[in-house]
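Worksheet: the structure to be examined is printed underneath.
Derivation of every value follows stated rules applied to the coordinates shown; laboratory data play no part. All of these numbers come straight from a predicted model, not from anything done at the bench. Here the Cβ is made from the backbone with ideal geometry for all residues, glycine too, and neighbour counts use every protein chain on show.
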Amino acid sequence: MSSWLGLSVGIPLGIGLGASYKALRPGASGWHSRLHKPKYNVPHSMLLPLFTALYTIEGVATYLVSNEMVLGNSSNRETAVVVQAGHWGLAYYWLSLTFLVFWPALVASGPMYVKAAMADISLAVVLQLLALVQFFRLSTAGGLLHLLCFFVTHALAVWNLALIQKGRARLPL
């Protein structure tokens, strides 16, 4: 196990859980229980393990992709394309992670932030899709792991949209 694997997993896990721990911690289920949620709903007690798994899998996917990148200056055109795809994929990934880590806190901030949370997670989904295309160019395994994370993030976006569309984003009085 290289130190790069530890960094690839540790950085998103630390940043993601650090930024969203207040909303995800087991004792903070008040906001979650007060929302008028759609029928398909993840129990609050599963949110922290879900996001922990999500950030860990994304970190491993990032490691697999970055491991395939050939670093250095080469005159070989194919090598340059691989390096460029890796750089774009990693840039999209880190941008998507930036948006994703703030989503739980936005949803937990109350009904007036649910639309902002939707915009936030929508940007994360688009950026994950762009990263996914580049990840598959470099590593099939990394692309498949990132595809799993894309589906989870997309499911969260659909859940967020259901809160808005059905007028369920308001808290009961």
- Simple SL model, points at 7 angstrom along Cα→Cβ for HIS87 and LYS37; separation in nm is 4.3 nm
- Query: According to a simple spin-label model (label point 7 Å from Cα along Cα-to-Cβ), what is the distance in nm between TYR21 and TRP159?
  - Reply: 2.1 nm
